[in-house]
1. Can you pull out every residue in segment A:133-154 that is part of a loop (DSSP other than H, G, I, E, B) and crowded, with 22+ Cβ neighbours inside 10 Å?
2. Within segment B:133-153, restricting attention to residues that are within 11 Å of chain A (Cβ to nearest Cβ) and in contact (Cβ under 8 Å) with a residue 24 or more places away in the chain, which residue is farthest from residue B:183 (Cα to Cα)?
3. State all residues of segment A:101-112 that are in a loop (DSSP other than H, G, I, E, B) and either buried (at least 24 other Cβ atoms within 10 Å of the Cβ) or more than 7 Å from chain B (Cβ to nearest Cβ) (or both); if no residue qualifies, say none.
4. For segment A:416-435, name all the residues that are within 22 Å of residue A:26 (Cβ to Cβ) and modelled with pLDDT of 90 or more.
5. Find the residue count for segment A:263-318, including only residues that are within 14 Å of chain B (Cβ to nearest Cβ) and exposed (fewer than 13 other Cβ atoms within 10 Å of the Cβ).
6. Please give the number of the condition residue A:305 fails out of (1) touching a helix residue (DSSP H, G or I) at 6+ places or on another chain (Cβ under 9 Å); (2) farther than 30 Å from residue B:132 by Cα.
7. Just checking, does segment A:448-465 include any residue being within 14 Å of chain B (Cβ to nearest Cβ), touching a residue at least 12 places away in the same chain (Cβ under 8 Å) and crowded, with 23+ Cβ neighbours inside 10 Å?
8. Please verify whether segment A:391-399 includes one or more residues that are assigned by TED's automatic domain parsing to the domain that holds residue A:367 and under 24 Å from residue A:469 (Cβ atoms).
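The values are calculated or read from the model by the stated rules, or taken from the named source; none is laboratory data. Computed from a prediction, not measured in an experiment: that's the story for all the values here. As a convention, Cβ positions derive from the backbone with ideal geometry for all residues, glycine included, and neighbour counts pool all protein chains shown.
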């Protein structure tokens, strides 16, 4: 058996590998590298789906998350109930029990999920560590019954297996989905905990009401900071500058258009028939050719011509930011900051993909004084808790001269009662890995984050300068007040005026016109 | 189109996602994040396959790699020719044009590739960036003709497309495979370059002759440091402590054994029939039950019992280290070190997987004096060039007190004319990501790397102490020699003996018995 092999023997051993078994063996790719992160990932995938579905259906989200510890220390039952549109029964097995299945992968639209892997990966992990099926309930209409499934995944085939299908009789919202899974995990408090993730999710989704039952019995309720649903994100066509040669070629083979000009102007954004004809001319391709019949050589010439041409930016109104007012409200409410400032920058483009940056900074109030500031990274309304050092958001933060804005800092990041939230929203978030924990550092993205931070910091700087001025003023006042009796006594000696009268006059004067201090800090900041 | 949607409308949009399109969109997962790394990754995948095939067939490998820059700056043609066993024609399309296809995924054996993704991912990237098919040639017998394929991948189906199939008439080894791909890339020299990768590959595979034509026209030949093929790595059965509940359950459903005892003792390593019966008794499962009919509850009880039991380590002779002698020779030859020391530690186990650590340190000679030392990380004979900071090997290196061994150091790593190679070999390398650039920091692995480094450093320390002693000695000698005339003159005055005679005697004495210096450094090292 262990002798040397011939080419034929080796060939005979080759076979197809199941995609589910591949991800089972490589589950760190999907965010299941350790027990505490696994708890977080399951919660995250379920919430992502609930919020995306509510947004698409135009429903104000109300989500209840329960995490219970079971008999053994390392086993948890997680459930997430939403009031979204629900899911039709026939769709449930595939949506939860098959990897690489979904509606978002082929769309260019801002959404939380983008790959069709998340919740099925959670089911796979649950099954791997506990052998238990997942329970899914759903109702799509208040008049209908509630369907209940018990699901497993056939990993060899990457297909769902329905263990049980029936009706559920308990209480349930008019419409919605309920997901319940058991898994091996660990529950910890702190900066990368599931508690922190849920808090940040509430901040990034101020339209959601979130109720959270932690494993230690604590119940936390995050109420809505707004009742207004965010502007709906729109699907757009790909921009020619974001399409690689290989994808361009495939699109030319799969298009419904019958001429090259129609293909270019119908299948891409920002290409008019006129510029399509111009591209054909420059590449010496007849504009009426059937795109399916283009030779590889012509496709490449066409593609190179288009890449070299100046083309209008993709439409940017397809994106949906959280919004300055709503962000400020959320940070004030959920993090108890005294002063907040937010900036939503106008959208920009990286590699043909529209994206935008929002920053909200909160200061003072209930924020802890003697700790590093809290840095909140959000991508398409989903908080990122792991891998900060490889993330564009953190990298941009570390280029900021915090001292310039009179902020305490340590290791290039702010220290003290401050929270800095950065939200990147885009039709395609360039995550550094499939576990979606960090954003790739495209120069365009870094630049926008820096500009947004600086915008916001100028406001904070002004506030801090004002605060400092008020402190200084009150210090001078109290100093002056302390010397009034002495001063009045001397004046009495010199002028003969009654010292009580002088004291009263001086005090009146002092409290009428506060001493003035230059707003030096505010002025300096305009220089950066 | 952009109004709110119902549950049914959303469900209608869901569909299956192609695994090839998934990896195309997420190609950073497979090592194609940037143009210079992409060049390296293609070369690496082709070499991995060539070396694995030669090893399996018992052939001394001879590999020729050519990288040529094409008309445009960013386009390269890469070819790799080997003298391996070749691949039968009918197997070629699937092996090169389908992701998740191969022979190594389901085996527990030390090999370079382990996932069945590598070379097909290279083809996918080549096609994506240039639209060109890949060329594959093969011959499995000197008497046969050479087959030539031009291959593409149908990404929507994850299936190969044969563009052309024919014969090749040019020169070719008796047996072997030739791979040629065009791709968008970048060529750079330096620490993470393809040049460096090939050099390190030669060091880690001293049995291979490697000829490399760089894009700048330079030709480098790495000759063999040994003619002895490494010991063949053997496949083993999974160890019960490395199997998760979900996998255990699946194995119980797919087994050919007809009783639980047979299942446990046939499908796992280190479980005897006797201990299998013992496990059944402890879990209250009848030992003669058909394992396919076990209830989930019983499976879990059985699994928990086994996890809690003390079981002998898996067989460790299935692994194949490079070997101390061969490593020392390679480092001396390819890196031109003056002194080398190597250690191959006996294998250990992490999570049921056997693994071993080898360390080889080279010092002095042609190694650069005023640079940071060179750290070479190798996993199953494949060099790792990226992501050092997240790699267990680098993490272990940074815990070493280099100063203790009288080595210069900077940022916790050695500085000066030193090269440190660490080789981790295992039936399953726990990479932190699918691009296989860093090894996960299991405590067992960290510990073994530290021990191997310390072992090796003691030898280096002794050598350095010896070197220092010799230097000190010769310094004292020359100092003494300098004063001999003066001393002889004084002696002549005092004793009346001829000073010439005294000088000659003293010189004779000096060169006969070198002055002795304590080997203090060597002693100290035994303390760590």
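1. A:133, A:140 - these are the residues of segment A:133-154 that are part of a loop (DSSP other than H, G, I, E, B) and crowded, with 22+ Cβ neighbours inside 10 Å.
2. B:141
3. Scanning segment A:101-112 gives A:104, A:106, A:107, A:108, A:109, A:110, A:111, A:112.
4. The answer is A:429, and nothing else.
5. So the answer is 4.
6. Failing condition for residue A:305: (2).
7. no
8. no
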